Amino acid sequence: MKVKVKDFQVNMEVKNNGIELDIHDNQDKHLGDLRIGKATIEWCKGQAQKGHGKKKSWDELIKYFEK
């Protein structure tokens, strides 16, 4: 996988707009974007725009990983 940070501020605290990671496979095919915000994580598959992806709260994500 290739993961690129789309927007990175010097301040490391995640703000309301969050940060976006641009995700590509090893053949450089765009798979989607991962948006990490203060309240949610959102996966936007393919060309889906921010707000139209699958969202999970931090609590849901933590519970998933702790299974």
Practice problem: Hey, can you grab everything whose amide H is under 5 Å from the amide H of Thr40? Only 5+ residues off in sequence or another chain; H modelled, so Pro and N-termini drop out. | Solution: none
Practice problem: Return the sequence-ordered ³J(HN,Hα) values of region 53-64 in whole Hz as given by the Karplus equation 6.51 cos²θ - 1.76 cosθ + 1.60 applied to θ = phi - 60°, using x for Gly and Pro. | Solution: x, 8, 10, 9, 6, 4, 4, 4, 5, 4, 4, 4
Exercise. Kindly write out, for region 27-33 in residue order, the coupling ³J(HN,Hα) from the Karplus curve 6.51 cos²θ - 1.76 cosθ + 1.60 (θ = phi - 60°), rounded to whole Hz, with x marking Gly and Pro.
Key: 9, 6, 7, 5, 9, x, 10
Exercise. Pull out the extension gain between Lys29 and Lys67, defined as 0.36 nm times the separation in residues minus the alpha carbon to alpha carbon distance; nm, one decimal.
Key: 10.6 nm
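Every read-out reported here was derived from the displayed coordinates using simple, explicitly stated rules and does not represent laboratory data. Since the structure is predicted, the reported quantities are computational estimates derived from the model, not experimental observations.
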